[in-house]
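Okay, structure first, notes after.
A short reminder: the numbers here are calculations on the coordinates, not readings from a lab. No experiment lies behind these values; they were computed from the predicted model shown. In this analysis, Cβ positions are derived from the backbone assuming ideal geometry, glycine residues included, and neighbour counts consider all displayed protein chains.
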Amino acid sequence: MLAALTALTALLSIASGTPPGASRGAPPAPGSDLPQLAYEKYTLPNGLEVILHEDHRMPEIAVDVWYKVGARDEAPGRTGFAHLFEHVMFQGTKHIPEDKHFEYLQKAGATNINGSTSHDRTNYFEVVPANQLELALWLESERMGFLLERTGFKETVDNQRDVVKNERRQHYENRPAGLISKVQLEALYPPDHPYYHQVIGSMEDLTAASVDDVKSFFRTYYAPGNATLVIAGDFDRAKTKQLIEQYFGAIPAGEAITRRVAPEVRLTGVKRIAMEAKIQQPQLHVSYATPANFAPGDRELDLVGQILAGGKSSRLYKRLVYEMKIAQSVSASQQSQLLASSFEITASPMPGHTLDEVLAVIDEEIAGLQAKPVDATELDRAKNQIESDTVRSLESLLARAERLQSYNYSLGDPGYVTEDLKRYRAVDAAAVQRAAQQYLKKDARVVVTIDPNPDAPIMGRIKK
């Protein structure tokens, strides 16, 4: 495994333009064994950020567009708009007929076409043969610049509104314990926080949204000045820059965006919420309010998650699943986001055991982390797992494009992966202990229990 990871890191460095053997005859610099992603970043006059990452090993290209808009930008009573546009923007533009976007790409040999929406951003991407880059750029520029000018826009919005409602039914209302995400968000965040509501929005808001409301949202957020285009793969740099200017240069920048300020997230006590759902086994969900992505404590909590539940040798898995045999599964992780994060622990007990039994052991293991620094072997194992996962994740062009986007959005430095991994390496046992003490407080958290009840809705409900 180590040899495979070393080879992959070397390939990434070569693809990024790092000269092999550059430090020959001298001690390697700290972090020189880490992956590096070379890039060129520039901005068009209309504000569109462009990031180019060359890799000529395979004749394919990933085109990845991020719009800096997500559920956090939706006003109360207007939820679900960002996710609705994720659907609408695949349906056609002024120059692209209805439902032809996918068809054009599939006929051109595209291997990955999709989009996604989070609280913080919306992305659209395609991986195409190298000779089809112009097609991908044309399609992306069309939905950025000419979406609202198409005929039948109202009919498309109405149709996709119904599609999103059906998606909501499938993934939340008809899913076992599907209500849990809504319950957790509303317990963790105050009502005026941008993360208070679900990304998919409410049925009521989707129904009430007018076409004018939807158009206004698009004009505000889906403009070059609020977007970043990443191109990764086998392309000619000079020709690609010409194509970018040709297809995106004339699109108006859009107006300046004023975003609401997110209030501080602070839990001052324990919120214990008892639910029931038509499920087979009880579920435990424990949430803590934690620092935003890249804020002090964020990376330390990533390591806490690994130490607690990162594999079969982790503390919680070893105690709950292997030794005591009172839990079927357990997980723990820092869920990093732009404005605020949460540390999430989930577990399901074995038949004959209770959620309170499982929670008691979880609390014991967290208390152990808080009372005594982890030993070097355990900490190194957690760091090595994060490092190897990161290196593996950079194998595909699309994954690299997404990584460049993520670092650029959060830090303004697309190639931050090397420094990021150095940050993990620099974390010591005392820092892990402090993070556990500061953020995983037994008296400041959300505890949601879900008990099986065949008469309850499958999505669940809060017990009276």
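At-a-glance table
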quantity	calculated
Note, ³J(HN,Hα) from phi for the range 248-262, Karplus 6.51, -1.76, 1.60, rounded to Hz, x at Gly and Pro	10, x, 8, 6, x, 5, x, 7, 5, 9, 10, 9, 5, 7, 7
For the chain, size of Cβ-based charge dipole, Lys and Arg +1, Asp and Glu -1, in debye	760
Flagged links, alpha-carbon separation over 29 Å, of LYS271/LYS422; LYS422/LYS442; LYS100/LYS278; LYS154/LYS241; LYS383/LYS463; LYS441/LYS464	LYS271/LYS422; LYS422/LYS442; LYS100/LYS278; LYS154/LYS241; LYS383/LYS463
Cα gyration tensor, the range 205-275 - rounded (a/c under 1.5), prolate or oblate	prolate
Cβ-Cβ FRET estimate between PHE294 and ALA256, R0 fixed at 35 Å, reported to 0.05	0.90
The range 110-122 - phi-based ³J(HN,Hα) in whole Hz, Karplus 6.51/-1.76/1.60, Gly and Pro as x	4, 10, 8, 9, 5, x, 7, 10, 10, 5, 9, 7, 10
Given charges at Cβ of Lys, Arg, Asp, Glu: the chain dipole, positive-most of TYR409, ALA130, TYR317	TYR317
Isotropic mean projected area of the C-alpha convex hull, the chain (nm²)	24.0
Long-range HN-HN contacts of LEU440 with modeled amide H, under 5 Å	none
Cα-only Debye scattering, the range 96-244: base-10 log of I(q)/I(0) at q = 0.12, 0.14 Å⁻¹	-0.68, -0.89
Mean separation of Cα contacts under 8 Å (6+ apart) over length of the range 42-125, as relative contact order %	35
The range 268-347 shape via C-alpha gyration tensor axes, a/c threshold 1.5	oblate
Inter-site label distance for ASP33 and ALA130 at 7 Å from Cα along Cβ, in nm	3.3
Student exercise, the range 86-143 dipole from Lys, Arg, Asp, Glu Cβ charges, in Debye to nearest 20	40
Net charge dipole size for the range 401-454 [Lys, Arg +1 and Asp, Glu -1 on Cβ; Debye, nearest 20]	220
Listed residue (LEU359, VAL391, ILE231) projecting farthest to the positive dipole end of the chain, Cβ model	LEU359
Unit charges at the beta carbon, dipole of the range 71-228: most positive-side option, GLY145, PHE85, SER181	SER181
Note, ³J(HN,Hα) from phi for the range 59-65, Karplus 6.51, -1.76, 1.60, rounded to Hz, x at Gly and Pro	x, 9, 9, 9, 10, 9, 10
Pairwise FRET efficiency - ALA238 versus ALA367, Cβ, R0 = 45 Å, nearest 0.05	0.15
Net charge, ILE180 excluded, C-beta distance under 15 Å - Lys, Arg +1, Asp, Glu -1	+3
Amide proton proximity set for GLN328, modelled H, under 5 Å, gap of 5+	SER348, MET350
Estimated [θ] at 222 nm from DSSP helical runs (n ≥ 4, -39500 (n - 2.57)) normalised by residues in the chain, nearest 500	-12000 deg cm²/dmol
